[in-house]
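Read the figures in this text as sums done on the coordinates, not as results from a lab. As the structure is a computational prediction, the values presented were derived from the model and not from experiment. Here Cβ is always computed from backbone atoms with ideal geometry, including for glycine, and neighbour counts include all displayed protein chains.
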Protein chains: 2
Amino acid sequence: MGDVFSQLSVSLDGYVAAPGQSVQDPLGRGGLRLHEWAFATESWRTQHGLADGERNVDAEVIEEMTAGVGAYVMGRRMFGGGEGPWDLTWTGWWGEDPPFHAPVFVLTHHAREPLSMAGGTEFHFVTDGPAAALARARAAAGDRDVCVAGGGSTARQCLAAGLLDSLWLHVVPIVLGGGTPLFDGPLDAALAPEKVVAAPGVTHIRYRVRH
Amino acid sequence: MGDVFSQLSVSLDGYVAAPGQSVQDPLGRGGLRLHEWAFATESWRTQHGLADGERNVDAEVIEEMTAGVGAYVMGRRMFGGGEGPWDLTWTGWWGEDPPFHAPVFVLTHHAREPLSMAGGTEFHFVTDGPAAALARARAAAGDRDVCVAGGGSTARQCLAAGLLDSLWLHVVPIVLGGGTPLFDGPLDAALAPEKVVAAPGVTHIRYRVRH
């Protein structure tokens, strides 16, 4: 059985999103800076029309994280479409061919029929909580990994509930001064660094979660 | 001219000391856990009667940080002896032979004559602020480095005032949930990781400070 893991970009002061978050601006004011390392990688590759050509260290980390993933879990805020009952025209932020290419279990309080997208992405909507979503994702993933894709509060909730086997933190050397903290209470688990990748603008650390 | 640097152990939620700090307990309740990686190293070496024998990765980082230091700056709280005018019987937490072996410039609001200790440590008491203390430390260090030894608020003050050239953060995978944050406002500088050392219990990252 694969790992259940999550991966988060975190500021030096421990925030995964900046102040001023809203449904329209889920990362808050300036929060995009947390993800520039990843966006740069993607945009660079797309811009050059490369699938698996030259890579920088950050791209290798993304590749390593995602290569073994057989299913995803994500929160409603990350999927988007506002709060409350669904506007059925909303099919996520990612267009017709989302970058997941696997089943994605979306946590929500509002039931909805599954959505099949191009490229193998299938969104399933789960109304009975993170543990149930992870059980369905594990079943779908088989021997492969399950990635809790985010947002921050979903990843935190899974970590606090003892549902993660490992956690990648991308430590970004910026100070946000507020926003969504990675942790909002004591951690009932030990994190042991098991892999560290030094990139020019960010330090990637994979922790093993021991309960 | 050497670097002016500081080095701090920081929790995953961005704290350099735990809640419940006092003059008697400057690291707060549970804050000692931030420094166990360093204490383990020291105690292990002392216990085995080794000066520079076998070393682990953490000990190598300590060696690398301190080998080039020609003078230190520290805050009153780190030096100890309470607040207010000096009790002249207080000569620091470290006994007769403190581990600095160099001039140490202690920031204080209360003047005091210098103290010469065994092993080359000399404590000088500076009442005109961090920039003045750093100027005196630079002069004393010559071509060697100046280390802002702490505590957290002194290091933060020097970083915020643009007085540091580099900063070692020892990222400890614990969550303190409060205490003294490493940063208490926006950072008027860019931090670029320039060296990363992966140890079993802590990740050491040296940042270059760009103003």
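Which order do A:VAL23, B:VAL73, B:VAL4 fall in if you start with the one that has the fewest other Cβ atoms within 10 Å?
Working: A:VAL23 11, B:VAL73 29, B:VAL4 22.
Going from sparsest to densest Cβ surroundings: A:VAL23, B:VAL4, B:VAL73.
What's the exposure ranking of A:HIS124, B:HIS204, B:HIS109, going from fewest to most Cβ atoms within 10 Å?
Values: A:HIS124 18, B:HIS204 25, B:HIS109 10.
Ranking A:HIS124, B:HIS204, B:HIS109 by Cβ neighbours within 10 Å, fewest first, gives B:HIS109, A:HIS124, B:HIS204.
Could you tell me the center-to-center distance, by alpha carbons, between the range B:160-211 and the range A:91-143 in angstrom?
The two parts, judged by their Cα centres, are 37 Å apart.
Quick one: which residues, 5+ away or cross-chain, put their amide H under 5 Å from the amide H of B:VAL73? H built at 1.01 Å from N.
B:PHE105, B:CYS147, B:VAL148, B:ALA149
When the gyration tensor of the range B:55-128 is built from Cα positions, what are the square roots of 5 times its three eigenvalues, in whole Å, from largest to smallest?
Numbers: eigenvalues 123, 30, 27 Å².
The three semi-axes for the range B:55-128 are 25, 12, 12 Å.
A:ARG33 to B:ALA111: FRET efficiency via 1/(1 + (r/R0)^6), r the Cβ-Cβ distance, R0 56 Å, to the nearest 0.05? Present the calculation step by step, with values, prior to reporting the outcome.
On the way: r = 44 Å, r/R0 = 0.79.
Efficiency for this residue pair is about 0.80.
Please state the Cα pair-distance histogram of chain A with 10 angstrom bins from zero: what percent is in each bin?
In whole percents, the pair-distance histogram is 8, 33, 41, 17, 1.
Residue by residue, what Karplus-based ³J(HN,Hα) values in Hz, rounded to whole numbers, does the range B:62-70 have, using 6.51, -1.76 and 1.60 with θ = phi - 60° and x for Gly and Pro?
Each residue of the range B:62-70 in turn: 4, 4, 5, 5, 8, 4, x, 7, x Hz.
Which net charge results when you count Lys and Arg as +1 and Asp and Glu as -1 among the other residues whose beta-carbon is under 14 Å from that of A:GLY20? Don't skip to the end; give the middle numbers.
Details: positive: A:ARG29, A:ARG33; negative: A:ASP25.
That sum, taken over residues with Cβ under 14 Å, equals +1.
May I ask you to give the average projected area over all directions of the convex hull of the Cα atoms of the protein assembly as shown, in nm² rounded to one decimal? Working shown, then result.
Numbers: hull surface 91.7 nm².
Result: a mean projected hull area of 22.9 nm².
Give me A:VAL171, B:VAL196 sorted ascending by neighbouring Cβ count inside 10 Å, so fewest comes first.
Numbers: A:VAL171 23, B:VAL196 18.
Ordered from fewest to most neighbouring Cβ atoms within 10 Å, A:VAL171, B:VAL196 come out as B:VAL196, A:VAL171.
What nm distances, shortest first, do you get from the label point of B:GLU64 to those in the other copies when the point sits 7 angstrom along Cα to Cβ?
1.8
Work out the FRET efficiency for B:VAL57 and A:LEU88 from their Cβ-Cβ distance, taking R0 = 60 Å, and round it to the nearest 0.05. Walk me through the numbers on the way to the answer.
Numbers: r = 55 Å, r/R0 = 0.91.
In this case the efficiency is close to 0.65.
I want the local charge near B:MET117. Using Cβ-Cβ distances under 12 Å, sum +1 for each Lys or Arg and -1 for each Asp or Glu among the other residues. Working shown, then result.
Numbers: positive: none; negative: B:GLU96, B:ASP97, B:GLU122.
With Lys, Arg at +1 and Asp, Glu at -1, the neighbours total -3.
Let me have the relative contact order for chain B, percent, based on Cα pairs under 8 Å that are six or more residues apart.
Working: 426 pairs, mean separation 65.9, N = 211.
That works out to 31 percent.
Kindly provide log₁₀ I(q)/I(0) values, in the same order as q = 0.10, 0.19 Å⁻¹, from the Debye equation applied to equal alpha-carbon scatterers of the range B:88-211.
Computed log10 I(q)/I(0) values: -0.39, -1.23.
Give me the net charge of A:PRO181's neighbourhood, meaning all other residues with Cβ under 14 Å from the Cβ of A:PRO181; Lys, Arg count +1, Asp, Glu -1.
Numbers: positive: A:ARG156; negative: A:ASP13, A:ASP184, B:ASP13.
Here the count lands on -2.
Report, for B:GLY80, each distance to the same residue's label point in the other copies, shortest first and in nm; define the point 7 Å along Cα→Cβ.
Label point to label point, same position, other copies: 5.7 nm.
Counting only other chains, and only Cβ atoms inside 10 Å, what mean value do you get across the residues of B:188-194? Can you show the working numbers first?
On the way: counts 1, 2, 3, 6, 3, 9, 2.
Mean shielding by partner chains, rounded to a whole number: 4.
Grab the residue from chain B whose Cβ hugs the B-to-A rotation axis most tightly, plus its distance in whole angstrom.
B:GLY14, 2
Any idea what the B:PRO19 label distances to the other copies are, label 7 Å down the Cα→Cβ vector, nm, shortest first?
2.1
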